[in-house]
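Reviewing the structure listed below.
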Amino acid sequence: MKIEEHVNLQPLNTLAVPASARFFARATSEQELRQALRWAQKHERAVAILGGGSNCLLPEKILGLVVQPALRGIKVIEEGDRYTIVRAAAGENWHRFVLWTLSQSLCGIENLALIPGSVGAAPIQNIGAYGVELKDVFLALRAVNRKTLEIVEFNAAACEFGYRESVFKNRLRDQYVIVSVDFRLRRSPEFRVDYPALKAALAGISRSRLTAEVIAHTVATIRREKLPDPSVLPNCGSFFKNPVVANGVVNELKGLYPDIVYFPAGEGYSKIAAGWLIEKSGWKGKQAFDARVHDKQALVLTNPLHKSAKNVIKLAGAIQSSIRQRYGIELEVEPQWLGA
Ligand SMILES: Cc1cc2nc3c(=O)[nH]c(=O)nc-3n(C[C@H](O)[C@H](O)[C@H](O)COP(=O)(O)OP(=O)(O)OC[C@H]3O[C@@H](n4cnc5c(N)ncnc54)[C@H](O)[C@@H]3O)c2cc1C
């Protein structure tokens, strides 16, 4: 395992912010990962974990060691009548993993097609799209404790998954590096196609002709139409989480804004579409601080001039304060700062 110095991280984050790592290591095995963590302990450097760089904000300089888990491999670890258990290594590309499951006629993650990033980062925020979340197919994960270097196994309950949340963003933040994830995938075709945009796009196809491939392809088509390709227009997907509010608040807002978009979010709560709030506040397509609100999806902030993350954060701050003023709702930023 090689420790590189002064590594340019601009090509390694989808927001394309200029950033560099004082030290950088790509770990292709658990042994290399432990070596990198041990090196940081010995040299008293903080560690930051970078996957595909599609959901993080990088400061201009990271003075510690940036470790990129690059462990590869997908294998079936158990075959049952109804389910197949598959283990995927953290460094596998998420979308390529989705394609692999389709090639094996396994169902469960077709709605999550084309989400950028790595398998190892998927549990961190319990990735979700089009009515499905990682937790719906998650069985367990293995992670290295950053202090003791021991491997620890987490089941679903231990991960404390929530909407774009897990224990790894909260109580156990910066304490583990995920090395593999186990998925429980269905062998029978049972699909979730009730999410409004997906349902509308599949309207012409009869239920009997639905396959996981058709759903993944449809999801990919919707995503390509709506979301900017980071290699063309740098971005990190949704910049804000959809705010979850008590139903009474939604009812109040519905009286004022009958076209408000919201979804049920558990007993007594609703999730308001943050994109709707931002669009209705006049931000869609607006540029400020050299960053821009995407013209097809107001939830996405782009960095067309490849400027610092500070610029995007300033635009985000202006949006947050205007939503607070107008609706009394607090928008929470989704991508996390990486630093060491
Ligand atoms: C165009 C676009 C569309 C997107 N659409 C969606 C969507 O529909 N749904 C959704 O949920 N997300 C979406 N995202 C966000 C992003 O793709 C996911 O959150 C993805 O899981 C991030 O993976 P990554 O490898 O790029 O993580 P990074 O951005 O590299 O890291 C994210 C966080 O996870 C930590 N981390 C990464 N790998 C590990 C590991 N192995 N062990 C421990 N910690 C780790 C990092 O330290 C960081 O805190 C989108 C992003 C883009 C650019």
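The values are calculated or read from the model by the stated rules, or taken from the named source; none is laboratory data. A quick note: this is a predicted structure, and the numbers were derived from the prediction, not measured. Every residue, glycine among them, receives a Cβ derived from its backbone with ideal geometry; neighbour counts consider all protein chains shown. Surface areas here come from the heavy atoms of the whole protein model, side chains and all, with no ligands, DNA or RNA. Shrake-Rupley method; radii C 1.70, N 1.55, O 1.52, S 1.80 Å.
Please list 275-283, 144-152 highest first by mean number of surrounding beta-carbon atoms within 10 Å per residue.
Values: 275-283: 19.2, 144-152: 13.8.
Per-residue mean Cβ counts within 10 Å order the peptides as 275-283, 144-152.
Using the alpha carbons of the stretch 4-69, what is the convex hull volume per residue in cubic angstrom, as a whole number? Walk me through the numbers on the way to the answer.
Details: hull volume 4.8 nm³, N = 66.
So the per-residue Cα hull volume is 72 Å³.
Once you compute Rg and the Kirkwood Rh from C-alpha atoms, what is the Rg to Rh ratio for the chain? Write down the numbers at each step before the final one.
Working: Rg = 20.4 Å, Rh = 21.1 Å.
Rounded to two decimals, Rg/Rh equals 0.97.
Can you list the aspartates and glutamates whose alpha carbon is less than 14 Å from that of LYS169, not counting same-chain residues fewer than 8 positions off? Cα-Cα hits under 14 Å: GLU160, GLU332, GLU334.
Please report the antiparallel percentage of DSSP beta bridges with both residues in the chain, rounded to the nearest 5. Mind dumping the intermediate values first?
Details: 46 of 58 bridges.
Taking every DSSP beta bridge within the chain, about 80 percent pair in antiparallel fashion.
Straight-line reach from LYS286: taking Cα to Cα under 12 Å and skipping same-chain neighbours fewer than 8 places apart, the aspartates and glutamates in range are ASP295.
Positive contributions from Lys and Arg (+1) and negative ones from Asp and Glu (-1), summed over other residues with Cβ under 15 Å from the Cβ of ARG38, come out at +2.
The local environment of ALA201, defined by Cβ-Cβ distances under 15 Å, has a net charge of +3 under the rule Lys, Arg +1 and Asp, Glu -1. With helices as the sole contributors, the chain gives -7500 deg cm²/dmol at 222 nm; each DSSP H run of n ≥ 4 counts as -39500 (n - 2.57), and the sum is divided by every residue.
Taking the stretch 74-226 on its own, what percent of its Cα-Cα pair distances exceed 23 Å?
36 percent
Just to confirm the filter: which trypsin sites (Lys or Arg not before Pro) across the stretch 1-110 are DSSP coil and have at most 11 other Cβ within 10 angstrom of their Cβ?
On the way: sites: LYS2, ARG22, ARG26, ARG34, ARG38, LYS42, ARG45, LYS61, ARG72, LYS75, ARG82, ARG87, ARG96; in loops: LYS2, ARG45, ARG72, ARG82.
Passing sites in the stretch 1-110 are LYS2, ARG82.
Give the share of C-alpha pairs in each 5 angstrom bin for the stretch 276-340, from 0 to the last occupied bin, in whole percents, shortest bins first. Going out from 0 Å in 5 Å bins, the stretch 276-340 shows 3, 18, 29, 26, 15, 6, 2, 0 percent. Across the stretch 46-194, the mean sequence separation of Cα contacts (distance under 8 Å, 6 or more residues apart), normalised by length, yields a relative contact order of 26 percent.
Please work out how much length the chain gains when fully extended from ARG82 to GLU332, using 0.36 nm per residue of separation minus the C-alpha to C-alpha distance, in nm with one decimal. All intermediate terms of the calculation are to be shown ahead of the outcome.
Details: separation 250, 0.36 × 250 = 90.00 nm, distance 3.88 nm.
Length gained, ARG82 through GLU332: 86.1 nm.
What FRET efficiency would be calculated for the residue pair ALA203, ARG171, taking the C-beta separation as r and a Förster radius of 35 Å, to the nearest 0.05? For R0 = 35 Å, the calculated efficiency reads 0.20. Entry comment: accessible area of the chain is 47 Å² per residue, from protein heavy atoms only and a probe of 1.4 Å.
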